[in-house]
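Heads up: the structure comes next, in structure tokens.
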Amino acid sequence: MCIDCGCSTGANIKISKPESIENQIEKPQTEQQKYSFANAHSHILSDGSVVTHSHKITKDKHSHYNEEVVEQKSLRPTTKIVSLEKNVLTVNDNLALENRNFFRKQNILALNLVSSPGAGKTTLLVRTIKELQTEISFSVIEGDQSTTKDAEKIKATNCDVVQINTDTACHLEAKMIQESLNHLKPKKNSILAIENVGNLVCPALFDLGEYAKVVILSVTEGEDKPIKYPHMFRASSVMILTKIDLLPYLDFDVTSCINYALNVNPKLKVFQVSAVTGEGLKDWFNWLKKSSKI
Amino acid sequence: MSFMHELGITRNIIAIAIEHSQGAKVKKVVVEIGKLAAILPDAIRFCFEACAKDTPLEHSILEIREIPGLAYCNQCKTRISLSQPFGICNCGSSQLEIIQGQELQVKELELEEQCV
């Protein structure tokens, strides 16, 4: 690489020689030129530039030492290398940081609820709101590709809710949360539950500014989900194993499941609950109260 | 396999490249993707040409440098290589801190400059 202009001579760079200069090279020399610069001629160097020069001739030999360079022109489009090292998700991460600062200022515990479709996020959320709303104020952002069905279920609890329909997008992004907050106006000292689009892959990558990602896994799904979708379980701080009332009817090994989850993320806090029978919910509620510092 | 987040990420790559292209034609974009970043390089390549159309990146070369996964074991204080974002060290510990392989960044651009 050229240290002056940063142009590269890498293999992928094509050096083109514009035609107008070609003509210039072929142009016959004048008598004057011939006289002044005996044996003056042009070379096209490997970097594409043209050097016209003459040589001092000594006894039929010519040497490139003492040569007189008449003109040197750089012909090719040069390449400038710009070093960026810019995180691809910078825009999202910056907006998430703004959201996080807002939540901190308002003492809002923002939770990003993630799971595969049908794990029971909404059912657990409805039960949680119903049981705790006399103590803690809740608001909800619902993310789904389409319909307002989940938002209607939340609305039935008298909790403030905004539905985001992501259409073709498979996850929520920080910008969507920021826009939703303008409509939702969550109260100070409250819990904001963000129900992400049902998907165990993409939401792991997108920070929304939440305090924690809570991954919800139902016992109807198979105990190896944590190692099949490790990014999500790694990115989460809490795992809630739901539908445990169905365990007698299933071949689901709870211990294996939790071991898989802890292998992927040794710091994971695990709850086992049934939003139908209420089993195990007390621990989850206590965690919410403790984390919301209300 | 879902290409959907790779599509958004490819658009981000192109937006970042345009933002830093100083109005010049972009000849090459170098992107670093960690092997533990949950991004499929092939999916990015698949999306790139379509996303680059009618932008200064049209016909540019996308170079993806894949960065291998590396973790530090908190128990035995050694480094181990990872192919997924978790693992068990030879010492038996799963208390691993990922120190490499989660990169997702536009490393550099090659811009065309006409200078005669």
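Here are some conditions: (1) acidic (Asp, Glu); (2) at positive phi; (3) at the interface with chain A (Cβ under 9 Å from one of its Cβ atoms). Residue B:54 meets all but one. Which one does it not meet? For residue B:54, the exception is condition (3). Filtering A:162, A:114, A:126, A:91 for residues that are hydrophobic (A, V, I, L, M, F, W, C) and open to solvent by 50 Å² or more (accessible area, probe 1.4 Å) leaves a single hit, A:91.
Candidates are the residues of the stretch A:129-157 that are assigned to a loop (DSSP other than H, G, I, E, B) and under 22 Å from residue A:279 (Cβ atoms); the one that is most open to solvent (accessible area, probe 1.4 Å) is A:134. Note on the stretch B:43-88: among residues that are at pLDDT 95 or above and of a type in the set (Asp, Glu), the one that is farthest from residue B:102 (Cα to Cα) is B:63. Taking the criterion of being surrounded by 15 or more Cβ atoms within 10 Å (Cβ to Cβ) and away from chain A (no Cβ under 11 Å), the residues of the stretch B:80-98 that qualify are B:80, B:89. Of the residues that make up the stretch B:99-107, is at least one open to solvent by less than 30 Å² (accessible area, probe 1.4 Å), among the charged types (D, E, K, R) and within 12 Å of another protein chain (Cβ to nearest Cβ)? Within the stretch B:99-107, none of the residues are open to solvent by less than 30 Å² (accessible area, probe 1.4 Å), among the charged types (D, E, K, R) and within 12 Å of another protein chain (Cβ to nearest Cβ).
Within the stretch B:31-43, the set of residues being more than 9 Å from chain A (Cβ to nearest Cβ) and surrounded by fewer than 21 Cβ atoms within 10 Å (Cβ to Cβ) comprises B:40, B:41, B:42, B:43.
Report whether or not residue A:181 is of a type outside the set (Ser, Thr, Tyr) and at pLDDT below 95. Judged against the criteria, residue A:181 is not a match.
Of all the numbered requirements in (1) of a type in the set (D, E, K, R); (2) closer than 27 Å to residue A:234 by Cα; (3) within 10 Å of chain A (Cβ to nearest Cβ), residue B:19 misses one, and that requirement is (2).
If the condition is being outside any helix (DSSP H, G or I) and under 13 Å from residue B:13 (Cα atoms), then the stretch B:43-57 contributes B:55, B:56, B:57.
The values are calculated or read from the model by the stated rules, or taken from the named source; none is laboratory data. This one's a predicted model, so the numbers in the text were calculated from it and none came from an experiment. With ideal geometry, Cβ positions are generated from the backbone for all residues, glycine too; neighbour counts draw on all protein chains shown. When the accessible area is computed, the model is the full protein with side chains, heavy atoms only, and any ligands, DNA or RNA have been set aside. Shrake-Rupley method; radii C 1.70, N 1.55, O 1.52, S 1.80 Å.
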